Amino acid sequence: MLNAVIHNLVAVSKAAVLLFLVCASSLAADLHVVDTGKRQAEAYRQRTDTVRVRYLAEDGILLIRVSSLYGGVTRDLGNALREFFSSDKAPLNGLILDLRDNRGGVLFESVGVISVLMSPNILIARIEGSTKDTTFTIWTGRKYYQRDAAEADFLGGLPTSLKDTPLAVVVNGGTASGAEIIAAALQERRRGVIIGNRTAGITSIASDAATHVQWRSAHGRLLNNVGITPDIEVADQEKYNSDEHDTYLAAARGYLRGR
């Protein structure tokens, strides 16, 4: 799979190649599937309902649930948000980004989610590889979340108010990898408050036998085996299917109401 990825990326930058190496390795490791056809089918299945957007009318809060970061999430998120804003003119008092049990996926998609909520050209992560060619920085903006510049911008037409609306980010011990990069960037840039439990601390990936990379936050924090400590701790809750009994969402809504 990695050889196919490299073959298809000969015309792009070394940084972009490494991004996809990391992504391909992460996907293969996470799915535990050898057969390529089965792997693609499983990746597609995991993308189903990956992005959910729901308006909590009683509080004027938009709840954005992103359950994984496999290919296509940025496009799906842009489409869902455009649909919401085109049909619903209700006041927007706050945002909740729910990253619970999001195990990561494709690094480009992490950048896409962050770029919805932050202005372009902001440093969000540092990739440290075993060689100079595999060490680089990641910034917000279309260059880092969309490979084909000829395509329409996945996030085009979204209201700029999304970048400064009060934000709560919900995480738990199942929040890992690329989802931790999102939470760390939003926390360090004081864009949002992190609510929940300490995250998994999984940010180190071997993309092949010779290349090992680790991710640091924009401020240089090494998150591997450490994770992200939330700004507001919530008692761990294994099941949260019902909003009525969801202590994480209750804490996030309470924080936004109190601002």
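Every residue, every condition in (1) among the acidic types (Asp, Glu); (2) surrounded by 23 or more Cβ atoms within 10 Å (Cβ to Cβ); (3) in a loop (DSSP other than H, G, I, E, B), yes or no:
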position	(1), (2), (3)
120	no, no, yes
144	no, yes, no
153	yes, no, yes
169	no, yes, no
185	no, yes, no
199	no, yes, yes
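If only residues of region 41-99 that are of a type outside the set (A, V, I, L, M, F, W, C) and in contact with a Lys or Arg (Cβ under 6 Å, 6 or more places away or on another chain) are counted, the one that is modelled with the lowest pLDDT is 70.
Of the listed requirements (1) at pLDDT 90 or above; (2) in contact with a helix residue (DSSP H, G or I) (Cβ under 9 Å, 6 or more places away or on another chain), residue 188 misses just one: (2). Could you list all residues from region 150-173 that are over 19 Å from residue 122 (Cα atoms) and in contact with a helix residue (DSSP H, G or I) (Cβ under 8 Å, 6 or more places away or on another chain)? Listed by number, the residues that qualify are 157, 168, 170, 171, 172.
Go through (1) buried (at least 17 other Cβ atoms within 10 Å of the Cβ); (2) among the hydrophobic types (A, V, I, L, M, F, W, C); (3) at pLDDT below 90; (4) part of a loop (DSSP other than H, G, I, E, B) one by one and return the number of the condition residue 127 breaks. With (1) buried (at least 17 other Cβ atoms within 10 Å of the Cβ); (2) among the hydrophobic types (A, V, I, L, M, F, W, C); (3) at pLDDT below 90; (4) part of a loop (DSSP other than H, G, I, E, B) applied to residue 127, the lone miss is (4). Taking every residue in region 219-236 that is in contact (Cβ under 8 Å) with a residue 60 or more places away in the chain and pairing it with any residue that is outside any loop (DSSP other than H, G, I, E, B), at least 6 positions away or on another chain, the pairs with Cβ-Cβ distances below 8 Å are 220/126.
Just the residues that are more than 10 Å from the chain's Cα centre (by Cα) and farther than 25 Å from residue 257 by Cα, please, taken from region 174-198. 174 - this is the single residue of region 174-198 that is more than 10 Å from the chain's Cα centre (by Cα) and farther than 25 Å from residue 257 by Cα. Scanning region 120-155 for residues that are among the polar types (S, T, N, Q) and under 16 Å from the mean Cα position of the chain (by Cα) yields a count of 2.
The values are calculated or read from the model by the stated rules, or taken from the named source; none is laboratory data. These numbers were taken from a predicted model, which means no experiment stands behind them. A quick note on method: Cβ atoms are made from the backbone with ideal geometry, for glycine too, and the neighbour counts reach across all protein chains shown.
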